[in-house]
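The values are calculated or read from the model by the stated rules, or taken from the named source; none is laboratory data. For clarity, every value in this text was computed on a predicted model and none was experimentally measured. Note: ideal-geometry Cβ built from the backbone for every residue, glycine included; neighbour counts use all protein chains shown.
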Amino acid sequence: MPLCDFPVRASIAVSDIGQAAEFYEGKLRLPLVQSGPSAQIDDGGRFYGSAGVMALAVYQAETAGTSDATMAIWFVDDIDEVVDELADAGVEFVRYEGLDLDDRGITARAGGGRIAWFRDPDGNTFAIESDD
């Protein structure tokens, strides 16, 4: 069976699962679907839903924040509204040099549309994208 027959989810390493829960559940308002042990850490793993499906696994590990790559992207209908709501909740958007960013950190996306990036407390990078 090909992998395209199965759902996929992002998996994010964090240094402190409690701090991560405050960010993902509080600021991002992602619903907690399940929690449990992660490796040797009791309650060190949390699974969050997005668009009605389990979409993001967050677990405590020493490798937290070691990648500069974008870990996951949310595709939204109205990037302005979503960025404003996240900023109001205390999410800070990344400002990359060399990009023409507006005052909120939104820029044109290659191929059309717009994009904005933010980081969790460990420095894991995420993006919000829209086709508008």
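Regarding segment 34-42, can at least one residue be identified that is touching a residue at least 24 places away in the same chain (Cβ under 8 Å) and closer than 25 Å to Asp131 by Cβ?
no
Yes or no: Leu99 more than 30 Å from Asp16 (Cα to Cα) and either in contact (Cβ under 8 Å) with a residue 60 or more places away in the chain or not small (Gly, Ala, Ser) (or both)?
So Leu99 passes the test.
Just one of (1) under 24 Å from Glu129 (Cα atoms); (2) surrounded by 14 or more Cβ atoms within 10 Å (Cβ to Cβ); (3) hydrophobic (A, V, I, L, M, F, W, C) trips up Cys4, so point out which.
(2)
Find the strands (runs of 3 or more DSSP E) located wholly in segment 9-110 whose residues include 3 or more that are modelled with pLDDT under 95 and surrounded by fewer than 13 Cβ atoms within 10 Å (Cβ to Cβ), and list them.
Filter on segment 9-110 gives 32-38.
For segment 111-122, enumerate the residues that are surrounded by 14 or more Cβ atoms within 10 Å (Cβ to Cβ) and assigned to a loop (DSSP other than H, G, I, E, B).
The answer is Asp120, Pro121, Asp122.
Return only the number of the condition from (1) farther than 30 Å from Pro37 by Cα; (2) touching a Lys or Arg at 6+ places or on another chain (Cβ under 8 Å) that Gly90 does not satisfy.
Among (1) farther than 30 Å from Pro37 by Cα; (2) touching a Lys or Arg at 6+ places or on another chain (Cβ under 8 Å), the lone unmet condition for Gly90 is (1).
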